[in-house]
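Undergrad: Once you've had a glance at the structure underneath, I'll fire off some questions.
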Amino acid sequence: MGDSSDYVSVDVECTYLPGKKHTVKTSHGYVSVTVFGDLDKPALITYPDLALNYVSCFQGLFFCPEAFSLLIHNFCIYHLSPPGHELEAAAISPDEPVLSVDGLTDQIAEILDYFGLDAVMCMGVTAGAYILTLFAMKYTRRVMGLILVSPLCKAPSWTEWLCNKVMSNLLYICGMCGLVKELLLMRYFSKEVRGSTDVPDSDVVQACRRLLGERQTPNVLRFLEAINGRPDISEGLKRLQCRSLIFVGENSPFHFEALHMTSKLDRRFSALVEVQSCGSVVTEEQPDAMLIPLEYFLMGYGFYKPSQYSVSPRSPSSPTSISPELFSPESMGLKLKPIKTRIPA
């Protein structure tokens, strides 16, 4: 492998190329991991939301040329899929042990051991953010930092619990039917991009709906039931020993959850970015809004954007689109503070 300078001249016009897929056997079942980049670089692991995988949850962020350049320059990317959520996955046997959130976090530790990884950067979306936060609490020395998108930290509210139970029953009786897909799309995206009777869905929603149709019903049901049985981990958040950057769409059904989580974290080591006119899966709906906060967050670790690549002034992620608070000295290093993005219409 070459040194890191060999990797800054990324062809940003290329498509999202497939990485090397690994199937890792753990004590809690098999897990699919897709690896991109230079194995000698620090590791960034990703974990998607319910019924998603790295293609349907992180492709938008990695299609963003500036974000792709920033992340692939500094990290080797390890995309983890919840059991049975990978592309072309077969249905998991009903004889397999029931999933739990603790079992899923222990899987991650075994995956890191498999690849010989020590401390890693973590990026998770909603259910995936919960799993990675719990992992950071249980394995504190193995996490450098947390990048969380619309995260969960409390036990399900009655509203969420009931919605999840409805989905569980529908999945059991009807499989991945149209109503389940619509409930999931409401979980992921804002009303603006989901369309209406008069306005068609956006391309990202249409693509996500197609990918949901490829999920195996038993596999989604197993992960859903594990997440619906999660405990409240709010009181343990103060003990986190890593920095955290939280993104949440202002129209996310988990917006209050993210605000609650921010209030429980040590404010010296955490920052909140609220993305206007956006749902939960910011990585797909408004990935450009993540770029500048990510750059400043990673600068605190000594990572940096390749000098050969500059942000276009026409990009929604240009500095004029971001609140001036982000550029204060407190936003660099440890003293991060709440921020609201302002993305032009």
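The values are calculated or read from the model by the stated rules, or taken from the named source; none is laboratory data. Just so it is clear, the model here is predicted, and its values are computed rather than measured. Cβ placement follows ideal geometry from the backbone for every residue including glycine, while neighbour counts extend to all protein chains displayed. Surface areas here come from the heavy atoms of the whole protein model, side chains and all, with no ligands, DNA or RNA. Shrake-Rupley method; radii C 1.70, N 1.55, O 1.52, S 1.80 Å.
Undergrad: When N counts the residues of region 136-237, how does its alpha-carbon radius of gyration compare numerically with 2.2 N^0.38 Å, as a ratio? If you can, show how the numbers build up before the last one.
TA: Working: Rg = 16.1 Å, N = 102, 2.2 N^0.38 = 12.8 Å.
Compactness ratio reported: 1.26.
Undergrad: Continuing with the same structure: What order do LEU104, LEU221, LEU259 take when sorted by accessible area (1.4 Å probe), most exposed first? It would help to have the intermediate numbers written out before the result.
TA: Details: LEU104 0, LEU221 25, LEU259 65 Å².
Of LEU104, LEU221, LEU259, the descending order of accessible area is LEU259, LEU221, LEU104.
Undergrad: What is the extension gain from ARG239 to PHE63, computed as 0.36 nm multiplied by their sequence separation minus the C-alpha to C-alpha distance, in nm to one decimal?
TA: Working: separation 176, 0.36 × 176 = 63.36 nm, distance 3.47 nm.
Net length gain for the segment: 59.9 nm.
Undergrad: Summing Lys, Arg as +1 and Asp, Glu as -1, what charge do residues with Cβ under 12 Å from the Cβ of MET144 carry, MET144 excluded? Show your work: numbers first, answer last.
TA: Values: positive: ARG141, ARG142, ARG243; negative: ASP118.
Every neighbour counted, the sum reads +2.
Undergrad: Evaluate the Kirkwood expression for the hydrodynamic radius of region 137-189, namely the inverse of the mean inverse distance over all pairs of different C-alpha atoms, and round to one decimal in Å.
TA: On the way: mean 1/r = 0.0739 Å⁻¹.
Taking the inverse mean of 1/r over all distinct Cα pairs, region 137-189 comes out at 13.5 Å.
Undergrad: Moving on to the next point. Determine by what factor the alpha-carbon radius of gyration of region 20-59 differs from 2.2 N^0.38 Å, reporting the quotient.
TA: Numbers: Rg = 11.5 Å, N = 40, 2.2 N^0.38 = 8.9 Å.
My calculation over the Cα atoms of region 20-59 gives 1.29.
Undergrad: Determine the equivalent ellipsoid of region 246-309 by diagonalising the alpha-carbon gyration tensor, then write out the semi-axes as square roots of 5 times the eigenvalues, largest first, rounded to whole Å. Spell out each step's value before the answer.
TA: Values: eigenvalues 104, 59, 7 Å².
Value: 23, 17, 6 Å, ordered largest first.
Undergrad: Report the full-extension gain for the segment THR140 to TRP161: residue separation times 0.36 nm, less the Cα-Cα distance, to one decimal in nm. Don't skip to the end; give the middle numbers.
TA: Numbers: separation 21, 0.36 × 21 = 7.56 nm, distance 2.91 nm.
Full extension from THR140 to TRP161 adds 4.7 nm.
Undergrad: Cα-Cα over 19 Å: which of LYS20/LYS181; LYS41/LYS238; LYS154/LYS264; LYS21/LYS305; LYS41/LYS305; LYS20/LYS41?
TA: Violating the 19 Å Cα-Cα cut-off are LYS20/LYS181; LYS41/LYS238; LYS21/LYS305.
Undergrad: Can you give me the accessible area per residue for region 80-232, using a 1.4 Å probe, in Å²? It would help to have the intermediate numbers written out before the result.
TA: On the way: 6700 Å² over 153 residues.
Here the residues of region 80-232 average 44 Å² of exposed surface.
Undergrad: Cα gyration tensor of region 196-289, axes a ≥ b ≥ c as square roots of the eigenvalues: rounded (a/c below 1.5), prolate (a/b > b/c) or oblate? Can you show the working numbers first?
TA: Numbers: a/c = 2.60, a/b = 1.42, b/c = 1.83.
It is oblate, given that a/c is not under 1.5 and a/b is not larger than b/c.
Undergrad: For region 34-164, compute Rh as the Kirkwood radius over C-alpha pairs and then the Stokes-Einstein diffusion coefficient at 37 °C and 0.692 mPa s; write the answer in µm²/s, rounded to an integer.
TA: Reported coefficient: 212 µm²/s.
Undergrad: What part of the accessible area of region 84-123, given as a whole %, is carbon or sulfur when the probe is 1.4 angstrom? If you can, show how the numbers build up before the last one.
TA: Details: 950 of 1890 Å².
In region 84-123, the share of accessible area belonging to carbon and sulfur is 50 percent.
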